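Notes follow once the structure below has been shown.
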Amino acid sequence: MRVLVLGGTGDANQLVALLARDATCEVMLSLAGRTSQPRLPQGSHRIGGFGGVEGLVSYLECNRIDLVADVTHPFAAIMSEHAVAACAKAHVDLVRFERPEFVRAEGDRWQSFATIEALAASLAGAPRQIFLSHGREGMALFALHPQHHYLVRCIEVPPDIDKLNHARLILARGPFALADEITLLREAAIDTLVSKNSGGAATVAKIEAARHLELDVLLLARPLKAATRSFSTLDAMAAWILAHDRT
Ligand code: NAP
């Protein structure tokens with residue numbers, strides 16, 4: 001059985017490792033190529049877009065793929081949409097990993113926004129000390145609110161970061177520990193955290209740290225993805241895929 005894993009996440013790497021335990025399962029991990037030094041599991045991988053839905057259909061057919069596992073990031077909506085369309089056209093089975101969201105606890109000061117534009121627009125007003133940990137997008141939007149001080153954490157230098165005055169950039173990749181996140185937020189006197197509602201153990205510590213320090217949290221809500229067979233744990237997903245192999 002030949003499985004194409006759409007990745008770009010630690011979850012995808014974990015799924016590849018789980019599937020690799022079964023010698024009858026041939027796995028190809030696909031990355032978009034956004035980071036220059038991606039973490040890669042053992043096994044085969046390819047890097048770069050497929051060229052839209054038609055490109056993916058052609059890839060599935062040329063490589064005789066039996067099943068696609070979409071383990072892209074919850075915010076990678078276009079790739080997931082293309083996977084649904086291409087698998088339907090090529091008559092290839094599709095499964096998706098739906099990473100559970102961050103869960104609100106009592107006392108949390110969360111505000112949710114559908115778009116990065118709406119989130120940034122909410123920052124008109126008095127100066128704040130803001131931790132931008134939502135990824136590389138939207139720096140130009142935050143630059144429209146120069147009254148704030150920004151601490152930005154990304155894996156690689158984001159485009160437009162030079163537009164953001166009063167900003168300090170930290171380059172780091174999770175997982176992050178709660179004690180370190182509390183220290184970081186305290187030392188930078190952060191009062192507002194900006195994050196995607198990505199979910200996942202690797203980055204939940206900043207949410208817990210914000211809870212501990214009673215900070216405002218501005219969360220980007222997840223984009224909707226078309227329904228398909230999905231799993232909320234990687235073990236269940238790997239077990240299903242490997243059982244699927246034997247049917
Ligand atoms: P996106 O908007 O959904 O996809 C844009 C285009 O990038 C797709 O149309 C596809 O190009 C290509 N692409 C995306 N994922 C791919 C993959 N796994 N393999 C091959 N091509 C891929 O994606 P994005 O939000 O820019 O994210 C890009 C990658 O970074 C994803 O793999 C995602 O898992 C990872 N990531 C994203 C975020 C986030 O917040 N968005 C966070 C962490 C990691 P073609 O149309 O040419 O096929």
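The values are calculated or read from the model by the stated rules, or taken from the named source; none is laboratory data. Bear in mind the structure is a predicted one, so any value in this text is a computation, not a measurement. Here Cβ is always computed from backbone atoms with ideal geometry, including for glycine, and neighbour counts include all displayed protein chains.
Key figures
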| quantity | calculated |
| --- | --- |
| Of all residues making up the range 109-134, the number that are out of contact with any Lys or Arg (no Cβ under 6 Å at 6 or more places or on another chain) and either among the polar types (S, T, N, Q) or part of a loop (DSSP other than H, G, I, E, B) (or both) | 12 |
| Number of positions in the range 39-55 that are near the ligand (Cβ under 10 Å from one of its atoms) and either out of contact with any helix residue (DSSP H, G or I) (no Cβ under 9 Å at 6 or more places or on another chain) or of a type in the set (Gly, Ala, Ser) (or both) | 6 |
| Close pairs (9 angstrom Cβ cut-off, 6 or more residues apart or separate chains): of a type in the set (Ser, Thr, Tyr) in the range 68-87, near the ligand (Cβ under 6 Å from one of its atoms) anywhere | 72/6; 72/7; 72/8; 72/9; 72/32; 72/79; 80/6; 80/72 |
| Complete set of residues in the range 56-105 that are acidic (Asp, Glu) and more than 12 Å from the ligand (Cβ to nearest atom) | 61, 66, 93, 98, 101 |
| Given (1) without any contact (Cβ under 8 Å) to a residue 40 or more places away in the chain; (2) crowded, with 18+ Cβ neighbours inside 10 Å; (3) touching a helix residue (DSSP H, G or I) at 6+ places or on another chain (Cβ under 8 Å), index of the condition residue 153 fails | (3) |
| Any chance residue 223 is surrounded by fewer than 19 Cβ atoms within 10 Å (Cβ to Cβ), modelled with pLDDT under 95 and over 22 Å from residue 14 (Cβ atoms) | no |
| Residue within the range 168-184 that is surrounded by fewer than 18 Cβ atoms within 10 Å (Cβ to Cβ), in a helix (DSSP H, G or I), touching a strand residue (DSSP E or B) at 6+ places or on another chain (Cβ under 8 Å) and not β-branched (Val, Ile, Thr) present | no |
